[in-house]
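The values are calculated or read from the model by the stated rules, or taken from the named source; none is laboratory data. Because the structure is predicted, anything quoted here is derived from the model rather than measured. Using ideal geometry, Cβ is built from the backbone for each residue, glycine included, and neighbour counts are taken over all protein chains shown. Areas reflect the complete protein model, heavy atoms only, side chains present, ligands, DNA and RNA absent. Shrake-Rupley method; radii C 1.70, N 1.55, O 1.52, S 1.80 Å.
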Amino acid sequence: MRTTYIGMGASIAVISMIAVGCGSSNGSSVSNVSSDVSFTGIAVPEGDSQKELRSTTEVSVGGETQAISFTKLLATGDSNNNEIFGLVKDHHDTPITFDDGSPYICNGTNSGVGSGLDHSSILQKNGKLYMVSQFECQVGAMYKVELEQDAATGTLSVKENSMEFVSQKEGFGGFVHCAGQTTPWNSHLGSEEYEIDARAVEKDINASTGLVVSGAWDGEEVYYNEVAKFWGNDATRMSPYYYGWTPEVTIDANGNALYAKHYAMGRFSHELSFVMPDKKTVYMSDDGTNVGLFMFKADNAEELGAGTLYAAKWTQTSQANGGSANISWIKLAHATDSEIKAILDPDGDVETNDAPLFSDLFDSADGNSTTGECPSGYTAVNASAYFECLKVKSGMEQAAALLETRRYAALVGATTEFRKEEGITYDAANNKLYIAMSEVARGMEDHKKNGEANSKYDIGGNNDVKLDYNPCGALYALDVDGNYTATTMSAVLNGKAIDEDSDGNTCDLENISNPDNLTFLEGTDLLFIGEDSSMHKNNMVWSYNVKTQELTRLLTTPLDAETTSIFWHKNINGYSYMTAVTQHPMEKVEGASNDEKESFVGVLGPITGIK
Amino acid sequence: MPYIILLLTILTAILSLVSCDTTGYKNAQTDFKATVARNNRAAYITSQCYTKTVDENSTVHNPCYTCHTASAPPNYINDYALQESYDMGEYSRSNRFDNLFRDRSDAVAGISDAAILSYIREDNYRKDGLITLAASLSSVPDAWDSNGNGKWDGYLPDCYFDFDAEGFDRNPDGEDTGWRAFGYYPFPGTFWPANGSTDDVLIRLPDPLREDAGGNTSRSVYRINLAIVESLIKESDVILEESVDETQYGVDLDHDGILGTAGKIVFVWEKPDFDTATGKLGNFSMSYVGRAKELLESNELLIAPGLYPQGTEFLHTVRYIDIDETNTTIRMAPRMKELRYARKVSWNSYSQLQNAALSEIKEKNGFPDRLRTIVGDTEHGLQNGLGWVFQGFIEDGSGELRPQNYEETLYCIGCHSGIGAIRDGTFVFARKFGTDHFRKGWYHWSQKNNGLKDIAEPLTPGGAYEYTTYLQANGAGDEFRGNEEIMQKFFDQEGKLLESEAEKIRTDISYLLYPSVKRALELNKAYKVIVDEQSFIHGRDPHVKPLVNVHTEVTPKASTMIKAAVY
């Protein structure tokens, strides 16, 4: 691995951004010819430049240099068509406000603390361009706008009076929308992250209020209780099983947003669902501790409402360099959205809570927490980092597989030991699927936690994964067969822990740290890696040449900020763009206006000539 | 600072570095340009958080509840469950405040009473009516100029501590500086004089709240707006200092339905209207007066219970403990240990504050060992992430005030964000004395001859005696149970609170909050040792003997054995 960069001059444009490329999985034909594309790297920021968003300003395509700029499209709080970008609404699609009158805009503080806009997809339909954006609050929100493209320059802008709220009320509302993908059929495939533990809810709920008892989860109960705002503060109407799914937004021939929650794809902490070129196979990452890796095979192309759900089994072949394994897939169940919706909502009225409870799906018993053994008839599992003894109730296999996907996967022998799976992308030219693992830790170690003996994450489980602790994380590549089914998984890039430097960095500055979002620029050899790290003082976005293993630093974010959901749209009427959301990019820059401090989605580009 | 003094300061710093080598201390004074903590990246988790809550008799002590408590919006932290466990991560499990374990007996013995009294009676803030620190900062030494632009970009001290009969501070020309002193009930525990320091707090509202509708400075407007802010922070009615003709201001302050004469601010909050089309709030049930009223209508300023208007500032001086002329009681010393400054630089709505609190939970769940990222530096102060910037000045090795470096300021952030006990990042304005107190509650401690004497014990929201409750829950008068004077005075051999002694606090809180003259001198000397060492990042708690009721290491998530309580 080599790292390249050039020094940045004193007059670096604050708002200029990233990097390169081409290729996407948005349905364009796959090219096996690599364009001669390279980006100019940037140095590690020092001093006041640590407060700024900094990025490369040029890319070379076929030997010709193109200037790159990052165009802000839409910022949180922007008004358009009497809608406010990021405003969260309730089960009647009425805006939610707090007691101070403030609208529930999914955004952090003006000092950059909090969650908000996470992913935007650009969709080409009806000869038009649409953008669907999703917000990462406990009550999720999605908005659709139309984009306009200057044919001569490729410049994108948001069309006046085009913003529409995407109602999710038929799917019980949205929840913690994380990363997303523009599917090969130009739909927005979203995510609902950090599903709530239904077993814990059932144990700690106040039946009369529907809320988890205050303090029951050391304060974390507010994370679930917050959803009551969607239900007009009536928590008895909500079930944890309503959240943790994969929503999809398609644009119909009239330009309307059609929303579907794909219950058939399973319920867990969905970071990202990524559709392969066959338009049927979907890989799904699960963000958390002791989590699984899942695959969905749709019955029909472009239809994710019916298919078969699988969980990965890691059979380790090497412990070295971040590890290698053969991957096999354990079938969990076949389901359709309507079958599972009928389980969640038997009376067909989303306003009433008739969802099953955890105890309707499983019998549970106490096990021996020292040996990890369970009473006869029960199976020991360790999913989400705790040991349980479970037995699926008779006839509830499909419901358990879909509503409690991670637990069920563990029950049937799949691996639930991964630690914070994040981004997924695909290099079609080389048949390689890439998955970012934020850390190699806990369940991924062998009865250890952060390198020290600790069985919490392996007791009762398979202990399939036995790797060395790496707090800086790793990038894994998976070979896929002719059916787009992954067969192997190996680390190809490992972050490197260092002694704390004078700036407080604890991962090598010339390498990745806690990799998060990934995107591949088809037609090149370039994989892009975004970080969500506290071990690099400034988060970075890298390009990684999968052939030369060259890492190039393309962007650094301000302190305490993150750039999320990078995604390449290779061909939008001949132009290539990378979408990215930057959170509070100007917050630490003196003199910046409040508008400049808002999180925004923008595009890097346009770039032309990517083959 | 004249160059000669600067040179002396640097020389002192070098000398202290050398002398500190034997104790392993790095020289904090050279670290002004750092934007990370060198010694303790978790310095926002204060030394008190490592207290041993169970003693050798298995008795459980709970000093934790004062900070970690059930909170009401807009404080969404609601962290009372933290009383029950040491919620540290892999890094913060180690207590890096190793000063706690040092024995300063020899060093303290080497300081005479006369020497320490002479030292603390010297004013290190003003000399000849001028603010010496402001003069130093105005020609900023390179060492403090963290961005190297040749000027000081942080707070330039502008309070003269020259108060009139209403507590307003005036500059040498007799003009108002905007700062106003107020009396308040000291927060339970470490901030009692008995535990080490005297202190004061001043507030300043931004210009529009000190100006009439025409933009002219007006004390009348300012007094009313201060009462409105007090009402919002306390979420209760506030008696006005003098009756107000509401017709002059166009605001029904007492909510009696007419514009007449108001004797008090009546706290009535109804959710304002939000207009999706304009994105603006309107129809406020409470309003500022004067120019701020217009800015509220245009939403350039906002208003809400529990929140200060954007631009609000606080000054907080922490001082040594002086002895009065009769040598029988204590008072505030001229010498400042610290000058602490806070400014609310941005307004964050309930929605934003709720989002921030929930995101902290999510971050902690995803990365339990990840430390908070606190942004800032020596010159600009540190941001608490909720709209406030905090900046501190502390004594250098020669006793002059100097800026705090990043890590020294990081220590302040943990309490001024992320705990349930605060109101919009602050502690004591919500504890301000009412209009029924001396000078209607608006005075500086130095203006009242008998200090905290004859002030009655405050009550908790539940109606219990607050300081007595603290003594009962904690079984001591400080977090570390190191204040033996209070232990001996208020508790029997079995550690049971002596009701006869607690009874004396009812009408005179100084009986608990003041140290004896002997203890005061010891506390001063113990702290002077820390100043000489410049070892603040290793712990600022003044004690002579090593503290024993504090962990050097905790097991993450280990139980404190406390059953969480909210009083």
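Annotations
- Subset of the range B:279-310 (residues that are open to solvent by 10 Å² or more (accessible area, probe 1.4 Å) and either at the interface with chain A (Cβ under 9 Å from one of its Cβ atoms) or among the β-branched types (Val, Ile, Thr) (or both)): B:Gly279, B:Leu281, B:Gly282, B:Asn283, B:Phe284, B:Leu302
- When B:Glu56 is tested against the conditions (1) outside any helix (DSSP H, G or I); (2) within 14 Å of chain A (Cβ to nearest Cβ); (3) surrounded by fewer than 23 Cβ atoms within 10 Å (Cβ to Cβ), the lone failure is (2).
- Qualifying residue in the range B:457-476 (condition: within 19 Å of B:Asn195 (Cα to Cα), touching a helix residue (DSSP H, G or I) at 6+ places or on another chain (Cβ under 7 Å) and at pLDDT below 95): no
- Residue ID - surrounded by the fewest Cβ atoms within 10 Å (Cβ to Cβ), chosen from residues in the range A:94-128 that are more than 12 Å from every other protein chain (Cβ to nearest Cβ) and either assigned to a loop (DSSP other than H, G, I, E, B) or of a type in the set (S, T, N, Q) (or both): A:Gly127
- Failed criterion for A:Glu146 (all others in (1) within 14 Å of chain B (Cβ to nearest Cβ); (2) within 24 Å of A:Asn256 (Cβ to Cβ); (3) open to solvent by 10 Å² or more (accessible area, probe 1.4 Å) hold): (1)
- Listed conditions (1) more than 18 Å from A:Asp464 (Cα to Cα); (2) open to solvent by 50 Å² or more (accessible area, probe 1.4 Å); (3) not in a strand (DSSP E or B) are all met by A:Asp278, apart from (2).
- Residues that are of a type in the set (Phe, Trp, Tyr) and within 12 Å of the chain's Cα centre (by Cα) within the range A:274-296 comprise A:Phe274, A:Tyr283, listed in sequence order.
- Flag for B:Ile562 being under 20 Å from B:Ala473 (Cβ atoms), touching a residue at least 12 places away in the same chain (Cβ under 8 Å) and either within 14 Å of another protein chain (Cβ to nearest Cβ) or touching a Pro at 6+ places or on another chain (Cβ under 6 Å) (or both): yes
- Close pairs (7 angstrom Cβ cut-off, 6 or more residues apart or separate chains): open to solvent by 10 Å² or more (accessible area, probe 1.4 Å) in the range B:313-331, among the polar types (S, T, N, Q) anywhere: B:Phe314/B:Thr426; B:Arg319/B:Ser197; B:Arg319/B:Thr198
- Residue within the range A:258-273 that is over 19 Å from the mean Cα position of the chain (by Cα) and either part of a loop (DSSP other than H, G, I, E, B) or within 14 Å of another protein chain (Cβ to nearest Cβ) (or both) present: no
Here's the yes/no breakdown for (1) outside any helix (DSSP H, G or I); (2) more than 30 Å from A:Lys169 (Cα to Cα); (3) under 28 Å from the mean Cα position of the chain (by Cα); (4) modelled with pLDDT under 95:
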residue: A:Gly348; (1), (2), (3), (4): yes, no, no, no
residue: A:Ala355; (1), (2), (3), (4): yes, no, yes, no
residue: A:Ala380; (1), (2), (3), (4): yes, yes, no, no
residue: A:Phe387; (1), (2), (3), (4): yes, yes, yes, no
residue: A:Gly395; (1), (2), (3), (4): yes, no, no, no
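- The residue of the range A:331-354 that is nearest to A:Asp299 (Cα to Cα), among those that are open to solvent by 40 Å² or more (accessible area, probe 1.4 Å) and in contact with a Gly (Cβ under 9 Å, 6 or more places away or on another chain), is A:His334.
- Residue within the range A:373-382 that is crowded, with 21+ Cβ neighbours inside 10 Å, touching a Leu at 6+ places or on another chain (Cβ under 6 Å) and aliphatic (A, V, I, L, M) present: yes
- Candidates in the range A:192-227 are the residues that are in a helix (DSSP H, G or I) and more than 14 Å from every other protein chain (Cβ to nearest Cβ); of these, the one that is surrounded by the fewest Cβ atoms within 10 Å (Cβ to Cβ) is A:Lys203.
- Of the residues examined, B:Trp442 is one that is over 25 Å from B:Val531 (Cα atoms), more than 14 Å from chain A (Cβ to nearest Cβ) and at pLDDT 95 or above.
- Enumeration of residues in the range A:408-432 that are surrounded by 24 or more Cβ atoms within 10 Å (Cβ to Cβ), more than 14 Å from chain B (Cβ to nearest Cβ) and under 15 Å from A:Ile529 (Cβ atoms): A:Gly423, A:Ile424, A:Thr425, A:Tyr426
- When the range A:357-371 is filtered for residues that are part of a loop (DSSP other than H, G, I, E, B) and open to solvent by 60 Å² or more (accessible area, probe 1.4 Å), the ones remaining, listed by number, are A:Leu357, A:Asp366, A:Ser369, A:Thr370, A:Thr371.
- For the range B:356-371, a tally of residues being open to solvent by 10 Å² or more (accessible area, probe 1.4 Å), within 7 Å of chain A (Cβ to nearest Cβ) and in a helix (DSSP H, G or I) returns 4.
- Exactly one residue out of A:Phe175, A:Phe230 is farther than 27 Å from A:Phe296 by Cα and either within 22 Å of the chain's Cα centre (by Cα) or open to solvent by less than 40 Å² (accessible area, probe 1.4 Å) (or both), and it is A:Phe230.
- Within the range B:59-76, the set of residues being buried (at least 21 other Cβ atoms within 10 Å of the Cβ) and more than 8 Å from chain A (Cβ to nearest Cβ) comprises B:His61, B:Asn62, B:Pro63, B:Cys64, B:Tyr65, B:Thr66, B:Cys67, B:His68, B:Thr69, B:Asn75.
- Residues located in the range A:548-581, provided they are more than 15 Å from A:Leu123 (Cβ to Cβ), charged (D, E, K, R) and assigned to a strand (DSSP E or B): A:Arg553
- Yes/no for A:Ser167 being in a loop (DSSP other than H, G, I, E, B), touching a Cys at 6+ places or on another chain (Cβ under 9 Å) and more than 13 Å from chain B (Cβ to nearest Cβ): no
- Matching residues, the range B:332-355, being more than 9 Å from chain A (Cβ to nearest Cβ) and open to solvent by 40 Å² or more (accessible area, probe 1.4 Å): B:Pro334, B:Arg340, B:Arg343
- Of all residues assigned to the range B:444-458, none qualifies as being free of Cβ contacts under 8 Å to residues at least 24 places away in the same chain, closer than 26 Å to B:Arg331 by Cα and open to solvent by less than 40 Å² (accessible area, probe 1.4 Å).
- Scanning the range B:379-402 turns up one or more residues that are within 8 Å of chain A (Cβ to nearest Cβ), touching a strand residue (DSSP E or B) at 6+ places or on another chain (Cβ under 7 Å), free of Cβ contacts under 8 Å to residues at least 40 places away in the same chain and under 19 Å from A:Gly504 (Cβ atoms).
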